[in-house]
Every structure is written in structure tokens, then in C-alpha cells.
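Participant: To start, I am sharing the structure in question, which I have written as C-alpha cells.
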Amino acid sequence: MKKIGLLTSGGDCQALNAAMRGVVKTIINASDQVEIYGFLEGYKGLIYGNFRMLGSADFSGILTKGGTILGSSRTPFKLMREPDENGLDKVEAMKHNYYKLNLDCLVILGGNGTHKTANMLREEGLNVVTLPKTIDNDLWGTDMTFGFQSAVDIATDAIDRIHTTAASHGRVFIVEVMGHKVGWLTLNAGMAGGADIILVPEIPYNIKKIVKAIEERHKRGSRFTILAVAEGAISKEDAALSKKELKKKQEKKIYPSISYQVAAEIEERTGLDVRVTVPGHTQRGGGPCPYDRVFASRLGAEAGKLIMKGEYGFMVGYSNREIVKVPLEDVAGKLKYLSPDASIIQEAKMLGISFGD
């Protein structure tokens, strides 16, 4: 009898259900002696023993369903070693519930913070297999994460729709795309949507360069300009500050977000009419696109295969168009940043896209 625990942690995204479905269908097809325990609301469920038994019927019809049937929550890694408000040792509680249910393996779906905790549980002796979930595509050890392509589609659609109104009114439009630390989503959506200027966290911008790019477009007869701006975009001036200085400056909250700051600076320097659109959590919502349905299913199937073979301590990733297994210790705590020297950045610049640098 195989006893498998499942949990989804961190921010939700598309294809979480598809990935879990892939894991469970693979295991059930290989053996009819299986028990599936779904922990509710991420690591909280594992900490407090909040779970429910799942059967084949629970995974029927969820391939196209967004969100997660198990619910999710954020439980910061840095707080995992700290007792809760009642003095409960969270790590010991997770281990206790794992052994109490006599689990053979814990399948964890999540992003960077989730993988830190997953690796810690591995170090504590638990059998763990993980799947890479995040719309940011910033997990180390995998070329792609599920949820990313769906988010790209949604953000691109937002930019596409802004094009018509921007062209009609001859305005500068900023579309703020999710991504606090990395710019993969903004870059891909910006290129796909035909943005003229793309600002990402890894390439600090110079507002003078942005204004110059806009003015040059106007000189060429373009009545509008589209900017795709990552929510974590940063100016060269702010990038030069220490973390303490930057945090102090950001606490003043002069603008709701970086996009509004950029908009105000453009208006002040050019006198042009600037509008900001923030698609926000719509980028994480709704059902997965066909690519993510297939991709998440493949990852889930390979995770199920590892479990049946008794191979634990790996993240199931994607490299050079093949599904691969990556040791958890190689993944935890590392972000996959977008390099300013990446070929895709250079190709975008060949197309005339400005990064404000």
C-alpha cells in the first residue's frame, strides 16, 4: 500500500490541479493499492493535521480547472523554525503528522519559498518530491514552470487590448505585469504584445532613456507608446541604494506602484497623457492554457513515476525540452534571474524595444 500526501503552497496559479491529477492518475494506473491524503491550505494543513482522503473521483474533471482543489497559503520559510502563537514547533508538527499517517512520500507543488521548506523536510528525513509552480518562471533547475505560459497569455491579452485604445487616443499606456524580483513574465508578454518599452527588475532603468525612446517614436510618427513594466522594476538611482535606504524610501509610498511613478515622471518630462493599467491577479486566475495542461500533466506523470520507483528528494523539472529530475538541494534558495546579456534581451533590442538602460 502506497500512502501519498499532497499539498499546494504559496500563491495559486494555473495548472496546479492538472499537475496533481497527473501525479495521482499515474500512481493509480500503476497500482490499485494507493491512499492519497490531501493537506489543506498548504503547509498549514501539514502542520495542524488538516487533511482529507482523496479518491479517483476527486481528480476527475480538474484538468482545465484553475486554482487548487486543496487550497493554498503562504507560510514563510524564515518563520518555519519559529513556534506558532501557541508555542507549537512547526517542523516537528509536520514530521509528526507525516509519520502518524505512515506516508511513503509527500508531493509538494510550489515556488521558491515552498521549495526551501520542502528541502528542509528532506533534510529532516522525509521522502519528498516537488513540482515547479509559479507564474514568474524563476525557479532554479528548470527551464519552465507551470502557470507561466498561462500568465503570459493573460498579460499579453491585456497589452493587446490596450493597443487599440492607446492608438485611438494617442496616449502613452503602461501595463504593469506581475514579477517582484524577476522579469521573465514581463519580457515575454511585452514582446508578444508588441510593447515598445519593457522594464524588468534585472535591468535598472534610466527615466531619461525612457523619455528619449518615447520622443523618438513620436518623431517617427507614432501617436502612442506601450510600456510593459514589471511590478519590481527599479530605477538606476534606487538600485544604487542600500537595502536599508531603499526600504526607507519605499515606506513613504508616494505612488501606489512603480508604474504610477514612471507615469508621473513621463508626464512631467513630456507633457504627454499617460495611463496605467494593472491586470493584477487576473494573471494568476482562470483555467490553464493548453500548453500548461500538457506540461503540468507531464511533470505530474514523471513525479508519479519517481514515487513508484522510490526515488525521493527531487524536483521534477524541464531542461532542453525534456523532463528531468533535479536534486532538491540544488534548487532550494536559488532564483533563476533573467540575465541582461541573455540572447532574448539582445534580440528584443534588435527589434527596437527599449529597456530604459
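The values are calculated or read from the model by the stated rules, or taken from the named source; none is laboratory data. Just so you know, these numbers come straight off a predicted model, no measurement behind them. FYI the Cβ positions are ideal-geometry reconstructions off the backbone, even for glycines, and counts take in every protein chain you see. For the accessible areas, the whole protein counts, side chains as well, though only heavy atoms, and no ligand, DNA or RNA atoms are used. Shrake-Rupley method; radii C 1.70, N 1.55, O 1.52, S 1.80 Å.
Participant: Give the Debye-formula value of log10 I(q)/I(0) at each listed q (0.11, 0.14, 0.15 Å⁻¹), with one equal scatterer per alpha carbon of the chain, two decimals each.
Facilitator: The Debye formula, applied to the Cα set alone, gives -0.77, -1.08, -1.18.
Participant: Note down the magnitude of the dipole of the chain about its Cα centre, charges +1 on Lys and Arg C-beta and -1 on Asp and Glu C-beta and zero elsewhere, to the nearest 20 debye. Walk me through the numbers before you get to the answer.
Facilitator: Details: 46 positive and 42 negative charges, 42 e Å.
So the dipole magnitude of the chain works out to roughly 200 debye.
Participant: Let me ask something else about it. Would you mind getting me the FRET efficiency between Arg161 and Ala57? Use the beta-carbon distance for r and R0 = 56 Å, nearest 0.05. Each step should come with its number before you reach the end.
Facilitator: Values: r = 39 Å, r/R0 = 0.69.
Using R0 = 56 Å, I get an efficiency of 0.90.
Participant: Nearest 20 debye, what's the magnitude of the dipole of region 200-357 about its Cα centre given +1 on Lys and Arg Cβ and -1 on Asp and Glu Cβ? Intermediate values should be presented prior to the final figure.
Facilitator: Values: 27 positive and 21 negative charges, 37 e Å.
Charge dipole of region 200-357: 180 debye, to the nearest 20.
Participant: Moving on to the next point. Sticking with the crude label model, points 7 Å out along Cα→Cβ, report the distance from Asp238 to Ser339 in nm, one decimal please.
Facilitator: With each label placed 7 Å out from Cα toward Cβ, I get 2.7 nm.
Participant: Excluding ligands and nucleic acids, what accessible area in Å² is computed for Trp140 using a 1.4 Å probe, to the nearest 10?
Facilitator: Only protein atoms counted, so the area is about 110 Å².
Participant: Here is a further query. How many percent of all Cα-Cα pairs in region 1-131 sit more than 26 Å apart? If you can, show how the numbers build up before the last one.
Facilitator: Working: 1397 of 8515 pairs.
In whole percent, the long-distance tail amounts to 16.
Participant: Over the chain, give the accessible area per residue in Å² for a 1.4 Å probe, as an integer. Each step should come with its number before you reach the end.
Facilitator: Working: 16010 Å² over 357 residues.
Each residue of the chain exposes 45 Å² on average to a 1.4 Å probe.
Participant: List the residues, sorted by chain then number, that are 5 or more residues from Met315 or on another chain and whose placed amide H is less than 5 Å from its amide H.
Facilitator: For Met315, the qualifying residues are Thr130, Val326, Leu328.
Participant: Related question: Taking 8 Å as the Cα distance limit and 6 or more residues as the minimum spacing, I'd like the relative contact order of region 119-176 as a percentage. If you can, show how the numbers build up before the last one.
Facilitator: Working: 34 pairs, mean separation 10.9, N = 58.
Relative contact order comes out at 19 percent.
Participant: Something else: Which whole-number value in Å³ per residue fits the convex hull of the alpha carbons of region 130-219? Walk me through the numbers on the way to the answer.
Facilitator: On the way: hull volume 8.2 nm³, N = 90.
Taking only Cα atoms, region 130-219 has a hull volume of 91 Å³ per residue.
Participant: First select every other residue whose beta carbon is under 10 angstrom from the beta carbon of Asp58; then total the charges, Lys and Arg +1, Asp and Glu -1.
Facilitator: Values: positive: Arg21, Arg52; negative: none.
In short, +2.
Participant: Out of Ile307, Asn102, Gln261, whose Cα points farthest toward the positive end of the dipole of the chain (charges: +1 Lys, Arg; -1 Asp, Glu; placed on Cβ)?
Facilitator: Sorting the options by dipole projection puts first Gln261.
Participant: Another one. From the phi angles alone, apply the Karplus equation (6.51, -1.76, 1.60; θ = phi - 60°) to region 187-201 and give each ³J(HN,Hα) in whole Hz, x where the residue is Gly or Pro.
Facilitator: With the stated coefficients, region 187-201 comes to 4, 5, 5, x, 5, 5, x, x, 5, 8, 9, 10, 10, 10, x Hz.
Participant: In the structure displayed, which of Lys248/Lys336; Lys78/Lys244; Lys248/Lys325 lie more than 30 Å apart, Cα to Cα? Provide the component values of the computation, followed by the final result.
Facilitator: Numbers: Lys248/Lys336 27 Å; Lys78/Lys244 19 Å; Lys248/Lys325 42 Å.
Result: Lys248/Lys325 exceed 30 Å.
Participant: Starting from 0.36 nm per residue, how many nanometres of slack lie between Glu267 and Asp330 once their C-alpha separation is accounted for? Write down the numbers at each step before the final one.
Facilitator: Details: separation 63, 0.36 × 63 = 22.68 nm, distance 4.57 nm.
That works out to 18.1 nm of additional length.
Participant: Could I ask something else about it? Over the Cα atoms of region 65-188, compute the convex hull volume and normalise it per residue, giving Å³.
Facilitator: Numbers: hull volume 18.8 nm³, N = 124.
Dividing the Cα hull volume of region 65-188 by its residue count gives 152 Å³.
Participant: Working from Cα positions, state the angle (0 to 90°, nearest 10) between the long axis of helix 148-169 and the longest principal axis of the chain.
Facilitator: 20 degrees
Participant: Would you look at the GNM of the chain, springs on alpha carbons closer than 10 Å, and say which of Arg81, Arg275, Arg171 moves the most?
Facilitator: Top of the fluctuation ranking is Arg81.
Participant: What is the list of residues in region 264-278 whose amide nitrogen lies under 16 Å from a point 7 angstrom out from the Cα of His169, following Cα to Cβ?
Facilitator: 264, 267, 271-278
Participant: Which percent of the accessible area of the chain is formed by carbon and sulfur heavy atoms (probe 1.4 angstrom)?
Facilitator: Details: 7810 of 16010 Å².
Looking at the chain in its full context, I get 49 percent from C and S.
Participant: So what's the back-of-envelope 222 nm ellipticity for the chain, counting only DSSP H runs of four-plus at -39500 (n - 2.57) apiece and dividing by all residues, rounded to 500? Present the calculation step by step, with values, prior to reporting the outcome.
Facilitator: On the way: 13 runs with 145 residues, N = 357.
Calculated mean residue ellipticity at 222 nm is -12500 deg cm²/dmol.
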